[in-house]
Amino acid sequence: MGRKILETLKSIILVLLAAAILVLTVLALPVKTLRQTPWLARLVKPIASYVGLSEAELTYTAAGSAVLPGAAQPLLISVMQETGRQSFQYDFSALDAAFEQYGSALGQALDSADVLQPAEQEDFLRALGGTGIVFRYPSPLSPALTAAWLGAQAPDLQSPADWYLLAPEGDTVRLYLMGEEIFSASTRLPSQQLETLMQGSMPDGSFFAFEDSSGKYTRLDGLSLIQPRMPQILTAAAQNPCEARYIASMAALLGFNPYGDARFVDSDGTTSFSEPGSTLSVSAQGVVTLRCDAAQSRFLAASTAQDARVEAARALLSQIAASTGDARLYLCGYEEQGNDAVCRFSYYLSGAKISQSGKTAEVRFSGNAVSQAQIQLRSYTLSDQSVYLLPAAQAAAIVQKGSMLEVLYADTGEDALQVNWRA
C-alpha cells in the first residue's frame, strides 16, 4: 500500500512539473509564435494570476490593418467637360470610386511624361478651366512616388506637387504639376482616350473660385473648390483605443513579447516594452513611441529609395494604428536630409483633415532602418447627425483674403470633434 501511494505521489509531481514546464515554455516562446497561435494565450489565462499576469492581458485581441492609403490616393478629383464640371470631395466612398475610374489615366501620363518644363500659374489655371481631370493630394509629394503607387515609372519627375492636372492638347495629353513651383510635360497618353474616359461624368455645378464671375469668391484662394451641393458633413467623436488588450496585441505585432519581463508600467500609466536595441512605449494618453537604437530586421525598408521607405512606414503604422475607426491616415510629407528621412502622416475623416493638438504622426529612418516612430493614437467615429456650416459664399466673405476654403475637423482631446470651415 505504501509503495502504491508513493507511485501516485510521484505521478502527481511529474504532472505538476510537466504543467510548470509547459507554462514556462509558453511564456518564453517567440512573439511570432504567440501572435500566430492565440490559443496559447488562452491556455495560460486560467493560471494567469499565479504567474503574475493579468487575465485581460492574456485575452488575445487580433489587431487588424488601419486604412492607410498610398501616396496616389487624392483628396479631391474634379472632371471638366464641355458640359460642365463634376467634383469629388469630403466623401471617401465617392473619392475611392472616382480614383478607381480615373487614376489609371494619371498613371499612364506619369509613365510616359517627357522632360518637365517650367510653367506659369496662368498656364495652369487656363488648363484647369478647360477640359481635363485634376487630382489634389494632401501635400506636395514627389511625382516619382505617386507614379510608384500607380505601378508606373517616373524617375525623372522629382518636383514635389500636390496638384496633378491632365489636359488634352492636340492629339495627346499634357501633364501639369503644381507645388511651390509649376511644371508641365507632354505625354504619350492620347487625348481621345482621356475624353472617352470623361464621358461618364455628370456635371454637378461645382467650380473653382477662380472660375466664378459673380464676385462672391474673390477673397478666396482661386483653387478653393465650391460645391453647391456639398456632401453631408457629419459630427464625429474620438476616443483613445489603447486599453490593455490593444496594447498587448500591438506589441506582439511589432515583435515584442507582451507577456514577459520586458513589459513595465510606470506610475503615470505609460506601458513600456524593451528588448536589446529597441523600446516601445504607450502613454496613458495614447501616444505610441517606438525607438530603435540599432537596426532591427523587422523594421527595415527594402532600400533607401523614397517609395521603399514610405512603404515601410505605412506597413509599420498599419500595425500600430490598427483601430482608427472611420478615419484614415494619409501620407502628408516626405523629407530627406543626407542619409536620414522622415515620413509624416495625418488623420482624415470623410476626406477632411483632422487637426490634432497632440503629437505628429511620423516615421524616421537612418539609411533604410527605422530609427523612431511616433503617433497619437485616436479612434474616430462618425455620427448620423449633420453639421450646419455657413454657406460657402458667406464663409468666403469673412475669411482672411487669399485663404483656401476647406472643411476641417479639430481634435482638442475631448470626446467630441469640432468641425467648421478652415481658412
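The values are calculated or read from the model by the stated rules, or taken from the named source; none is laboratory data. What you are looking at is a predicted structure, and each value in this text was computed from that prediction instead of being measured. Glycine gets a Cβ as well: all are built from the backbone with ideal geometry, and neighbour counts include every protein chain shown. Quick note on the areas: whole protein, heavy atoms, side chains included, nothing else; ligands and nucleic acids left out. Shrake-Rupley method; radii C 1.70, N 1.55, O 1.52, S 1.80 Å.
Rounded, prolate or oblate: which fits region 75-183 when a ≥ b ≥ c are the square roots of the eigenvalues of the alpha-carbon gyration tensor, with rounded for a/c under 1.5 and prolate only if a/b beats b/c?
On the way: a/c = 1.44, a/b = 1.14, b/c = 1.27.
Rounded, because the longest to shortest axis ratio a/c is under 1.5.
Rg/Rh, computed from the Cα trace of the chain with Rh as the Kirkwood radius, has the value 1.10.
Please report, as a whole percent, how much of the solvent-accessible surface of the chain comes from carbon and sulfur atoms (probe radius 1.4 Å). Write out the running numbers ahead of the final one.
Values: 10240 of 20050 Å².
Carbon and sulfur atoms account for 51 percent of the accessible area of the chain.
Over region 89-164, Cα pairs under 8 Å with separation of 6+ residues give a relative contact order of 34 percent. Using the Cβ-Cβ distance between Glu169 and Asp204 with R0 set to 22 Å, the FRET efficiency works out to roughly 0.30. Within region 320-342, name every residue whose backbone N is under 19 Å away from a label modeled 7 Å from Cα of Thr360 along the Cβ vector. Residues 329-342 fall inside that zone. Taking the C-alpha atoms only, the angle from helix 2-27 to the longest principal axis of the chain is near 20 degrees. Between Ala416 and Leu16, the modelled labels are 6.0 nm apart [label points 7 Å from Cα along Cα→Cβ]. If you count Lys pairs in the chain whose Cα atoms are under 27 Å apart, skipping same-chain pairs closer than 8 places in sequence, the total is 5. Which GluC sites (Glu not before Pro) in region 83-161 sit in a loop by DSSP (not H, G, I, E or B) and have at most 11 other Cβ atoms within 10 Å of their own Cβ? Answer in residue order: Glu120.
Rounded to the nearest 10 degrees, the angle from helix 92-111 to the longest Cα principal axis of the chain is 70 degrees.
Can you give me the angle between helix 306-320 and the longest principal axis of the chain, using Cα atoms only, in degrees from 0 to 90, rounded to the nearest 10? Roughly 50 degrees, rounded to the nearest 10. Using the Cβ-Cβ distance between Leu234 and Gln337 with R0 set to 41 Å, the FRET efficiency works out to roughly 0.55. Taking Cα centroids, how far is region 318-392 from region 192-226 in Å? Region 318-392 and region 192-226 have Cα centres spaced 29 Å from each other. Over region 150-268, Cα pairs under 8 Å with separation of 6+ residues give a relative contact order of 12 percent.
With a probe of 1.4 Å, find how much accessible area the chain has per residue, and write the answer as a whole number in Å².
Numbers: 20050 Å² over 423 residues.
Here the residues of the chain average 47 Å² of exposed surface.
Each Lys and Arg Cβ is given +1 and each Asp and Glu Cβ -1; about its Cα centre, region 312-377 then shows a dipole of about 160 debye.
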